[in-house]
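The values are calculated or read from the model by the stated rules, or taken from the named source; none is laboratory data. Please read all numbers here as calculations on a predicted model, not as lab measurements. Here the Cβ positions follow ideal geometry from the backbone for every residue, glycine too, while neighbour counts run over all protein chains shown. For the accessible areas, the whole protein counts, side chains as well, though only heavy atoms, and no ligand, DNA or RNA atoms are used. Shrake-Rupley method; radii C 1.70, N 1.55, O 1.52, S 1.80 Å.
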Amino acid sequence: MAKKTVVIGFLGSQLDAGQGAGRWEKWRPTVSLAQHEDTLIHRVELLHSPQHIRLAERVKEDITSVSPDTEVRLIEMALADPWDFGEVYAALYDWVKAYPFKPEREQYWAHITTGTHVAQICMFLLVEAGFIPGVLLQTSPPRKQTHGNPGTYTLIDLDLSRYDILAQRFEQEHRDAQAFLKSGIPTRNKHFNALIDEIERVAVRSTAPILFTGPTGAGKSHLARRMFELKKARHQVKGLFVEVNCATLQGDGAASTLFGHKKGAFTGAVVDRPGLLCTAHEGVLFLDEIGELGLDEQAMLLKAVEEKRFYPVGSDKEVASDFQLIAGTNRDLRLDVAAGRFREDLYARVNIWSYELPGLSQRTEDIEPNVDHLLARSGVEMGRAVRFNAEAKSMYMRFAQSSEAAWLGNFRDLTASVTRMATLAEGGRITTDLVEAELQRLRWMWQRADHDNDAASEAVDLSQWIEPKTLADMDLFDRLQLQAVIGVCLTAKSLSDAGRRLFDRSREQRSAVNDADRLRKYLAKFGLSWQLLTKR
Ligand SMILES: Nc1ncnc2c1ncn2[C@@H]1O[C@H](COP(=O)(O)OP(=O)(O)OP(=O)(O)O)[C@@H](O)[C@H]1O
Ligand SMILES: [Mg+2]
């Protein structure tokens, strides 16, 4: 059975007016609806103000006279000021909320030709938000007003996806945004493309925290910034992109750098400092290597993310900052949570949208489009076009996609590699000789990184660190082990970094509680400490 048609609209105090016989000569939008012979309106919900009750009754009578099957219900809506948006929207909203819509049996047309402009806008918003489950109805007068000519009407469905032409534009916009996130590189890896597709949708729709994980150089920082720029272009953020690497935040200064401090909070705090969370207000805060954040700072950050308020160091007055958090890490935070180094509640909070960016060796089919992109970019930067000779290109690509190419630094390695070749290219041509030399360099570089740990230990002279007497009493076994451990420490970025490298297996098996601590204790047995080792 066809659904019944119900019109919801305001009485037009001007357009629907007229009490005398002449009113039939004039086009009246609400009455005209009942005059279309091919369309039966089953019911009209006619909203009117108390002072227009007589007019409303006249319109009701006229509708019934031209269309006896149309039921007209008069609904009184008292508005102190029909031009006051807040008041009109609230009144309409309350009425709509209480209205027993039966969309399975009736279809609803919200008439927007009558009523003040404010009332029309409110009607539009209610339909758009789905509070009125229907479409907009627009009526227009006939070209020539003659007796009984009802003019025309148009239905507007605000479900924009139904309009093909708009749908195509939205589709194009999605594609543009995805291309933007990928810096315009036509990547082929299915997994990566699906990832970007989702990130794009999340970027433009959500302000929830996002976590990017993945190996170093995979493009976490790059993507975070691109996401911000996309949001900026869509007017979804007003503030700044504030980036901080948590590994660089040390000790007391960490909290103050992030949350700011009050003058006099500690020695050296001579003026109030706003802190990076405040700087990121209405923008994006990118916390790189979030796993390096201390437990106290994690607790403060959690509160700031959840409540959008926090206390600067040494202050008893809360400050507000509304920012979107993007976190980056190349560690597995779950292990840190298991080991008690990372707060579980904060992890849960940042892990709503978490994306693992694959390393280059996991998407070898994307190396070529990236090389093309990087080459074009260096061309622009150097002011001259650079190209591969055909044979040189296939030679480079063969190596780049082979298992021999470790791509340990991912994009960083690839960018550096392409830049080197572009710089050295005579006459803008990359030859096989050039590629040959570059491949040597890459092989050497990755091999060296691999042997770093072994090589480092060979160079360590224990007598530099240990009293001769103690050394004389040590077994060869212990000396070799200590030598290797110190070797790793000397090439590590931090105590945690050294701990991670030394206890890499037990770490993966989740049996190491805290590798930094384990290392600290080991060194202490020989009267050594991280500070001591790194001071020289
Ligand atoms: N999609 C990309 N297109 C072009 N350049 C990129 C892309 N992704 C990353 N890069 C470049 O590669 C380099 C490394 O990227 P990025 O700093 O984002 O890596 P990361 O994952 O944050 O690494 P880390 O874990 O060491 O912080 C940067 O110079 C960046 O500009
Ligand atoms: Mg980074």
Within the stretch 278-298, can you find the residues that are without any contact (Cβ under 8 Å) to a residue 60 or more places away in the chain and within 27 Å of L495 (Cα to Cα)? L285, L287, E289, G291, L293, G294, L295, D296, E297, Q298
State which residue is farthest from M77 (Cα to Cα) when the search covers only the stretch 1-14 and only residues that are modelled with pLDDT of 95 or more and among the hydrophobic types (A, V, I, L, M, F, W, C). V6
Of all residues in the stretch 36-57, which are crowded, with 18+ Cβ neighbours inside 10 Å and in a helix (DSSP H, G or I)? H52, L55, A56
Going by what's in this entry, would L302 be described as in contact with a Lys or Arg (Cβ under 7 Å, 6 or more places away or on another chain), open to solvent by less than 20 Å² (accessible area, probe 1.4 Å) and within 30 Å of M395 (Cβ to Cβ)? no
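What number of residues in the stretch 262-290 are open to solvent by 20 Å² or more (accessible area, probe 1.4 Å) and either outside any loop (DSSP other than H, G, I, E, B) or not assigned by TED's automatic domain parsing to the domain that holds E243 (or both)?
Keep residues of the stretch 262-290 that are open to solvent by 20 Å² or more (accessible area, probe 1.4 Å), which gives 262-268, 270-274, 276, 278-279, 281-282, 288-289.
Still in the running and either outside any loop (DSSP other than H, G, I, E, B) or not assigned by TED's automatic domain parsing to the domain that holds E243 (or both): 273, 276, 278-279, 288.
Selection size over the stretch 262-290: 5.
Out of curiosity, is A129 small (G, A, S), at negative phi, without any contact (Cβ under 8 Å) to a residue 24 or more places away in the chain and surrounded by fewer than 15 Cβ atoms within 10 Å (Cβ to Cβ)? Quick ask: steps written out before the conclusion?
Values: small (G, A, S): yes; at negative phi: yes; without any contact (Cβ under 8 Å) to a residue 24 or more places away in the chain: yes; surrounded by fewer than 15 Cβ atoms within 10 Å (Cβ to Cβ): yes.
Yes, satisfied.
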Filter the stretch 408-429 for residues that are over 19 Å from L223 (Cα atoms), not hydrophobic (A, V, I, L, M, F, W, C) and not in a helix (DSSP H, G or I) and give the result. R429
So which residues in the stretch 64-86 are of a type in the set (D, E) and in contact with a Lys or Arg (Cβ under 9 Å, 6 or more places away or on another chain)? E71
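Residue-by-condition table, conditions (1) surrounded by 21 or more Cβ atoms within 10 Å (Cβ to Cβ); (2) over 18 Å from the mean Cα position of the chain (by Cα):
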position	(1), (2)
R341	yes, yes
D345	no, yes
E356	no, no
G359	no, yes
E368	no, yes
With respect to the numbered conditions (1) at positive phi; (2) within 16 Å of ligand 2 (Cβ to nearest atom), which one is the sole condition not fulfilled by L223? (1)
Every pair of residues 6+ apart whose Cβ atoms lie under 7 Å, when the first sits in the stretch 380-397 and is under 14 Å from R429 (Cα atoms) while the second is open to solvent by 40 Å² or more (accessible area, probe 1.4 Å) and of a type in the set (S, T, Y): N389/T431; N389/T432; E391/T432; A392/T431; A392/T432
Just a yes or no: is a residue in the stretch 243-256 hydrophobic (A, V, I, L, M, F, W, C), within 30 Å of N410 (Cα to Cα), within 16 Å of ligand 1 (Cβ to nearest atom) and open to solvent by less than 20 Å² (accessible area, probe 1.4 Å)? yes
